[in-house]
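These notes are about the structure you will find just below.
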Amino acid sequence: MGKLYYLMGKSAAGKNEIYEALMNMPELKLKPLVLYTTRPIRSGETDGVDYYFTDEEGLQKLQSQGRVIELRTYHTVHGDWNYFTVDDGHADLDHQNYLGIGTLESYIAIRNYLGSGRVIPLYIETEDGVRLERALKRERKQAHPEYEEMCRRFLADQKDFSEENLAHAGITRRYSNEGPRENCIREIADMIRQSE
C-alpha cells in the first residue's frame, strides 16, 4: 500500500525547493500529486506539473461529477482563487508513493478522505523574518509583482498555521528550513526511507 507524503507550511517556507529536491531523489520512488487551481499561471510554472490550471467552469464540472476531495477559496486582491484536490485517477496509491504540497486545511481533508495511515504530514517550519525576505525576493522576480497579495498570504498563514490549528491536526513533527536547506531535505528523505 502506498503513502502520500504531504508537504505544508507557511508561504515562502521553502516547500517548493524541498519538493523539487525530494522528487529528484530516484531512490525515494515518489510520484507527484498535482493539485488544481483557478488562479493564473505564474512565470516559470507548467500546467500539469505545478498545478492543473483551470477556470470556474472546469471546477464546477469536477464538483458536479463528485470528484473534488477538498477545495479552498482565497479572496485575493485579484478576485477569488481556488485550489483543490481531485480524485481524477492520476494517483495509484495502491502501488505508488506520492508527494504533495498544500495547506493544513487540505492535509486534513485529504487525510480524512484517504485515511490517516496513508497520509504522512511534512510540516516545514521557517522563522517569519526569513520567510518574508524570501517572499519579497520571489515576488520581485515576477513580471508583474503582486506585493499586496504577498502580504495578504503572509498574514493569512499566521492564522491558518497557528499552534492551535497544528495541534488540532495532530502535527507533532516539524522540519526546520532555517539552516542549510540540505539538512531539512536529508531529514525528510531519511524519514521516508525509514517508513518503507
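The values are calculated or read from the model by the stated rules, or taken from the named source; none is laboratory data. Being a predicted model, the structure only gives us computed values, none of them experimental. No Cβ is skipped: glycine too gets one built from the backbone with ideal geometry, and neighbour counts run over all protein chains shown. Accessible surface areas use protein heavy atoms only, side chains included; no ligands, DNA or RNA. Shrake-Rupley method; radii C 1.70, N 1.55, O 1.52, S 1.80 Å.
How large is the accessible surface of L33 in square angstrom, using a 1.4 angstrom probe and rounding to the nearest 10?
Rounded to the nearest 10, the figure is 30 Å².
³J(HN,Hα) across the stretch 146-159 via Karplus (A = 6.51, B = -1.76, C = 1.60, θ = phi - 60°), whole Hz, x for Gly/Pro?
Each residue of the stretch 146-159 in turn: 10, 5, 5, 5, 4, 5, 4, 4, 4, 5, 5, 5, 4, 7 Hz.
Just to compare against my own numbers: the Cα pair-distance distribution for the stretch 80-196, 5 Å bins, whole % per bin, please.
Here the calculated profile for the stretch 80-196 is 2, 8, 16, 19, 20, 18, 12, 5, 1.
I need two numbers for the stretch 145-196: Rg to one decimal and Dmax as a whole number, Cα atoms only, in Å.
That works out to 15.0, 43 Å for Rg and Dmax.
So how many Å³ per residue does the convex hull of the Cα atoms of the stretch 77-140 work out to?
149
Give me the orientation-averaged projected area of the Cα convex hull of the stretch 2-56, in nm², one decimal.
4.7
Once you have the alpha carbon radius of gyration of the stretch 35-125, what is it after dividing by 2.2 N^0.38 Å, with N set to its residue count?
1.11
Which entries of K31/K137; K29/K159; K15/K141; K3/K141; K10/K137; K10/K141 show an alpha-carbon separation above 23 angstrom in the structure shown?
Violating the 23 Å limit, Cα to Cα: K31/K137; K29/K159; K3/K141.
Go ahead and set up a Gaussian network model of the chain, Cα springs under 10 Å, then flag whichever of K61, K29, K15 fluctuates most.
K61
Show me the trypsin sites (Lys or Arg not before Pro) within the stretch 127-196 that DSSP assigns to loop and that have at most 13 other Cβ atoms within 10 Å of their Cβ.
Those that pass, being in a loop and sparsely packed, are K141, R173.
Give me the dipole magnitude in Debye, nearest 20, for the chain about the Cα centre, with unit charges on the beta carbon: positive for Lys and Arg, negative for Asp and Glu.
Value, rounded to 20: 260 debye.
Just name one of Y175, G117, T37: the one whose Cα is farthest towards the positive end of the charge dipole of the chain (beta-carbon charges, Lys/Arg +1, Asp/Glu -1).
Y175
Could you give the accessible area per residue of the chain, probe 1.4 Å, as a whole number in Å²?
That works out to 54 Å² per residue.
What span do the alpha-carbon atoms of the chain cover on each of the three principal axes, reported in whole Å from largest to smallest?
45, 43, 33
Taking the alpha-carbon centroid of each part, what is the distance from the stretch 152-181 to the stretch 59-130 in angstrom?
The stretch 152-181 and the stretch 59-130 have Cα centres separated by 16 Å.
Amide H to amide H, which residues 5 or more places from I120 or on other chains are under 5 Å from it, using H placed in the peptide plane?
For I120, the qualifying residues are L4, Y5, Y6.
Per residue of the stretch 128-133, in order, report the coupling 6.51 cos²θ - 1.76 cosθ + 1.60 (Karplus, θ = phi - 60°) as ³J(HN,Hα) in whole Hz, putting x for Gly and Pro.
4, x, 5, 4, 5, 4
Pull up the DSSP beta bridges for the chain and report the antiparallel fraction as a percent, rounded to 5.
Just about 35 percent of them are antiparallel.
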